[in-house]
Structures are given as structure tokens and as C-alpha cells.
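Written out below as C-alpha cells is the structure these notes cover.
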Ligand SMILES: Cc1cc2nc3c(=O)[nH]c(=O)nc-3n(C[C@H](O)[C@H](O)[C@H](O)COP(=O)(O)OP(=O)(O)OC[C@H]3O[C@@H](n4cnc5c(N)ncnc54)[C@H](O)[C@@H]3O)c2cc1C
Ligand code: FES
């Protein structure tokens, strides 16, 4: 897989809600070669502060455009919000391994996507690919479970619906959908459906991913988890992002960020 470094022109920068922003970039090489689950490493400053690039998932691609969805949590993401349409971002990507998903005309895998908070970001790109696989006549729809603190924090519900996915919601405070964690919603739903041949794809905070791993391992359901580990170089050189697997330490930025739940050691 080829990786590019480029100056990507910002085509649009929009505040979605709260601290969440959507940014559309003109990044032809990245857009053409990205897979869902891969990320770009962005230098947000014009000088060396912040020194490190920041990894952000590829949210969607279309033609020469690639977009990201990000939440302001610190210095780099705050600086990113100050970038305007027409500015350029120094970007390296696509990086990492993506999700493994069925190609068109292969057997439908009954996909279940589980997103916690900003975990929706890479799963929209994946949902677009999965819904391409589903024939119009197929009764099996991509099922997407979205979890958030409250109704106000829910992201991408309409976007997943527009792609043709069946969407179910969980909120911690019960202000929308199931009251509780999205992993509890997953557990509940799996008790009501035939999950043979299902594949779970998940992205979100670590405790959520651990819960999804426990649930899928217990039921022997294949699950692919995208881990958002802290990263330094982002290109496999510094070992700053290693995760424990049954096969030894692996770099989240190179062998990951997507790992099989059955391979991870928590
Ligand atoms: C592969 C990958 C894909 C990602 N995709 C997205 C995305 O699509 N959208 C998005 O908003 N964010 C994403 N992130 C997280 C994003 O990289 C961080 O939020 C960002 O680097 C924070 O930079 P900052 O300078 O604003 O905050 P910092 O000052 O660096 O950190 C602020 C706070 O956020 C915490 N934090 C920083 N990085 C991470 C991390 N990787 N995981 C958990 N907590 C962290 C810090 O511990 C600290 O508490 C991704 C991370 C990885 C590794
Ligand atoms: S961040 Fe340097 S090896 Fe992964």
C-alpha cells in the first residue's frame, strides 16, 4: 500500500455540533487509495509546535476529496479548527491497515457496526463500502449501533440512515434510544437475533472496545476493532503505539489500527 505526503487544500471546514468538526480536503492520492479504517497523519501547525502530527481517521472519500470528522480535545485539534477554506494542511496517508470487508458479489456477512462517540468517524466510510455489497433485494442490512453520552452527543445518525443502514441508538442518560452503554445494547441485540455469519466492526473508547471484544469472543463472533492508541511517528518507526496481541507486540499505526478481537490481549 502506497503512502503519500501532500499539501491538501481545505475545501470546507464546518462545525457539526458541540466540539465536533467536519473538514473536507482535496487530497487526490489519499482519496484514491484509502481503505476504511485507515488514517492520515496531519501536521496542524506551520512551525514545529505542536511537534507531532496527529492521526485522524479517513471519514469518507469521493473523487479527489477525502474528509475527516474530528473532536477538539487539545492543542492540535483546536489549531485545526482555525484553518479556513483555501488553507493547506500537510498530510501523510493513507496509513495503517484498514477493516477487512467483503467485496461486491461475495456472501453478505451480516455486518454489525458498533460506534462509541467519535468512533463513528471511520465507520461511515466502511458502511458506504458494506452497503455497496448488499443487493437491493437483500433483506440483510448493515446494522449500526451508535452510542453517546446523550442525545445531543450523537453523531452521524442520518448519514448512516442515508446509506441504507438500520440504526439503533444507545445513550448513557437514556435521552434517546436504549438507556446504557452501546456494548450493552449489542449484548441485548445478540440475544434476540441469529448472529451466525455476523461480523462486528467497532471503533470507540477503549473500555467500549474491551466490552465488545469480550462479547464477541464469548459468542465466537468475528470482530474487528479499530484502536485509537496514542501515536508519535505514525509510520511504524518509534514503537510508541504498541499493543499486546497473542502473537506479541504489534504497532497500532502499522499492523493496526484495526485488530481482530480474538488476537488482542487487554
Ligand atoms: C488511528 C487513529 C485515528 C483517529 N481518528 C480520529 C478521528 O477520526 N477523529 C478524532 O477526533 N480523533 C481521532 N483520533 C484521536 C486524535 O488523534 C486525538 O484526539 C488527537 O491527536 C488529539 O490531539 P490534541 O493535540 O488536540 O490533543 P492532546 O493534547 O494530544 O490530547 C488531549 C487529550 O486527548 C487524549 N488523547 C490524545 N490522543 C488520543 C488518542 N489517540 N486516544 C485517546 N485519547 C487521546 C489525551 O490523553 C489528552 O487527555 C484518532 C487516533 C488514532 C490513533
Ligand atoms: S506511532 Fe511510531 S511506531 Fe506507531
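Would you compute, from DSSP H runs of 4+ residues alone, the mean residue ellipticity of the chain at 222 nm, taking -39500 (n - 2.57) per run and dividing by the full residue count, rounded to the nearest 500? Please report the intermediate quantities before stating the final value.
On the way: 6 runs with 56 residues, N = 266.
It comes out at -6000 deg cm²/dmol, rounded to the nearest 500.
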Simple SL model, points at 7 angstrom along Cα→Cβ for residue 238 and residue 131; separation in nm is 3.7 nm
Simple SL model, points at 7 angstrom along Cα→Cβ for residue 175 and residue 4; separation in nm is 4.0 nm
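Could you calculate the FRET efficiency of residue 82 with residue 214 from 1/(1 + (r/R0)^6), where r is the beta carbon distance between them and R0 is 35 Å, rounded to 0.05? Mind dumping the intermediate values first?
Numbers: r = 41 Å, r/R0 = 1.16.
Taking R0 as 35 Å, the efficiency between residue 82 and residue 214 is 0.30.
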To the nearest 0.05, the calculated FRET efficiency linking residue 193 and residue 17 through their beta-carbon distance, R0 being 30 Å, is 0.45
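Take the Cβ-Cβ distance between residue 51 and residue 103 as r, set R0 to 30 Å, and report the resulting FRET efficiency rounded to the nearest 0.05. It would help to have the intermediate numbers written out before the result.
Numbers: r = 40 Å, r/R0 = 1.33.
Result of the calculation: an efficiency of 0.15.
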Final fewest-first order of 95, 80, 186 on the 10 Å Cβ neighbour count is 80, 95, 186
The helix 206-219 Cα axis meets the longest alpha-carbon principal axis of the chain at an angle in degrees, between 0 and 90 and rounded to 10, of 30 degrees
Rounded to the nearest 5, the percent of antiparallel DSSP beta bridges in the chain equals 60 percent
Taking a label point 7 Å from the Cα of residue 73 along Cα-to-Cβ, the residues of segment 39-55 whose backbone nitrogen sits under 13 Å from it are 54-55
per DSSP, antiparallel bridges as share of beta bridges in segment 111-263, % nearest 5, sits at 25 percent
By Cβ neighbour count within 10 Å, fewest first, 206, 181, 2 rank 2, 206, 181
Checking 175, 226, 67 against a Gaussian network model of the chain (alpha-carbon springs below 10 Å), the top fluctuating residue turns out to be 175
Ranked from fewest to most other Cβ atoms within 10 Å of their own Cβ, 87, 46 fall in the order 46, 87
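Coordinate-derived values only; no laboratory data. Here the structure is a predicted model, which is why all the values come from computation and not from measurement. Every residue, glycine among them, receives a Cβ derived from its backbone with ideal geometry; neighbour counts consider all protein chains shown.
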